[in-house]
């Protein structure tokens, strides 16, 4: 087992990475203290792994709630359903929520934990590669709104993140590929040598070679933990973790959170961010080509849906990184060198949007 720490003073917590962790009563007991627990999962993950978690937590009062699977279900309605279950079962402030699933379950559980009785503990038990390397770490919790992704949320750090790599064995290949988009992002924002490593080992990652996956998860979590420890509430450096996300969130919102996986939308967002960086003269064209080639090797999309540049920009303008009506973007000054900026050419941005999204919306054609 490998252990990392997110160093946030009294809110510090460990990230545990290894095989068979959810089947260890000793390990789970040492990081899950509450006697009353709400185990939240979804219809895909719960049948596979919920019993394993419950067997490892004997002697607890454990209530189980199974939600539908998919980004379309990360809603206030399902958050309200969780509140209803907790109140009906009279769970107190000393209870905790266990989030067993991907990013949707982790975000929902964290949001409800942040709000219930003004804040209770929760523990992340991620089941997807994307949740392992991104959604489970950092304390961003939220639900979606039809007008924008993650528009309703809170910062609320987990008590622990327990990454059992055995759970990746049942992950559909499409979900694995989607998680690789976030892994690639970490190399782009701050570690060119990690990007080089991903290029050299992409085939092993796609074939789920345990050593390659463990290293990719560990290095990704290490980069995120370092950034979050320095900037918990995204006032500065943490914003770099959103590379590709402003464009990607526009894709997800415009398609109703139903057609694109988050990682797929982020993959296209990475291409748009790199394309705009190249148009601005900040990124060599050869590095844009490297990125596109790697994403293609990973089986990820590099073309955006034809939602129209104006419609895409409308969604981008309600992004959480907008300040003083200016959309701030994470751009690249070379692989391994990301920057957050509002200083870019509007003409260049709209050229990128038109090139990838089309000049008119699909509905107008």
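Computed from the coordinates by the stated procedures, all read-outs in this text should not be read as laboratory data. Because the structure is predicted, anything quoted here is derived from the model rather than measured. Positions of Cβ are backbone-derived with ideal geometry, glycine not excepted, and every protein chain shown enters the neighbour counts.
Could you tell me the center-to-center distance, by alpha carbons, between the stretch 318-344 and the stretch 98-118 in angstrom?
28 Å
Seen from all sides and averaged, what is the projected area of the convex hull of the Cα atoms in the stretch 2-170, in nm²?
8.9 nm²
Return the Rg/Rh value of the stretch 1-63, two decimal places, where both radii are evaluated on C-alpha atoms and Rh is the Kirkwood radius. The partial results should precede the final answer.
Values: Rg = 13.0 Å, Rh = 13.1 Å.
So for the stretch 1-63, dividing Rg by the Kirkwood Rh gives 0.99.
Take the alpha carbon atoms of the stretch 174-364, find their radius of gyration, then divide it by 2.2 N^0.38 Å using N residues; give the quotient.
Normalised Rg, Cα atoms only: 0.98.
Quick check: Cα centre of the stretch 216-293 to Cα centre of the stretch 1-17, how many Å?
The two parts, judged by their Cα centres, are 24 Å apart.
Given the C-alpha centroids of the stretch 167-193 and the stretch 39-53, what is the distance between them in whole angstrom?
23 Å
Counting every Cα pair in the stretch 63-114, what percent are over 18 Å apart?
Value for the stretch 63-114 (Cα pairs over 18 Å): 22 percent.
Take every DSSP beta bridge whose two residues both sit in the chain, then give the antiparallel share in percent to the nearest 5.
Details: 16 of 39 bridges.
Here the share of antiparallel DSSP bridges comes out near 40 percent.
How much FRET efficiency would the formula 1/(1 + (r/R0)^6) give for residue 209 and residue 7, where r is the Cβ-Cβ distance and R0 is 45 Å, rounded to 0.05?
In this case the efficiency is close to 0.90.
Kindly express, to the nearest 10 degrees and within the range 0 to 90, the angle between helix 245-254's C-alpha long axis and the longest C-alpha principal axis of the chain.
With both axes taken from Cα atoms, the answer is about 80 degrees.
Testing the spin-label approximation: label points 7 Å from Cα along Cα→Cβ at residue 231 and residue 326. State their distance in nm.
The two pseudo-label positions are separated by 1.6 nm.
Based only on Cα atoms, what Rg/Rh ratio does the stretch 170-271 have, Rh being taken as Kirkwood's radius?
0.98
Along the Cα→Cβ direction, 7 angstrom out, place labels at residue 94 and residue 54. What is the inter-label distance in nm?
2.4 nm
Divide by every residue of the chain the summed helix terms, -39500 (n - 2.57) for each DSSP H run of at least 4, and state the resulting mean residue ellipticity at 222 nm, rounded to the nearest 500 deg cm²/dmol. Spell out each step's value before the answer.
Numbers: 12 runs with 158 residues, N = 365.
Only helices count here, giving -14000 deg cm²/dmol.
Set the Förster radius R0 to 25 Å, insert the Cβ-Cβ distance between residue 72 and residue 310 as r into 1/(1 + (r/R0)^6), and round the FRET efficiency to 0.05. Working shown, then result.
Values: r = 24 Å, r/R0 = 0.98.
Once the sixth-power term is evaluated, E becomes 0.55.
Subtract the Cα-Cα distance of residue 297 and residue 85 from 0.36 nm times their separation in residues, and report this length gain in nm to one decimal.
Extra length from residue 297 to residue 85 when fully extended: 71.9 nm.
Please give the FRET efficiency for residue 151 paired with residue 26, using the beta carbon to beta carbon distance and R0 = 45 Å, rounded to the nearest 0.05.
0.65
From the C-alpha coordinates alone, can you work out the Kirkwood hydrodynamic radius of the stretch 253-327, in Å?
13.6 Å
Could you estimate the translational diffusion coefficient of the chain from the Stokes-Einstein equation, with Rh from the Kirkwood formula over C-alpha pairs, at 37 °C and 0.692 mPa s, in whole µm²/s?
159 µm²/s
Given N residues in the stretch 281-365, what is its alpha carbon radius of gyration divided by 2.2 N^0.38 Å? Don't skip to the answer; put the middle values down first.
Working: Rg = 14.2 Å, N = 85, 2.2 N^0.38 = 11.9 Å.
With N residues counted in the stretch 281-365, Rg over 2.2 N^0.38 Å equals 1.19.
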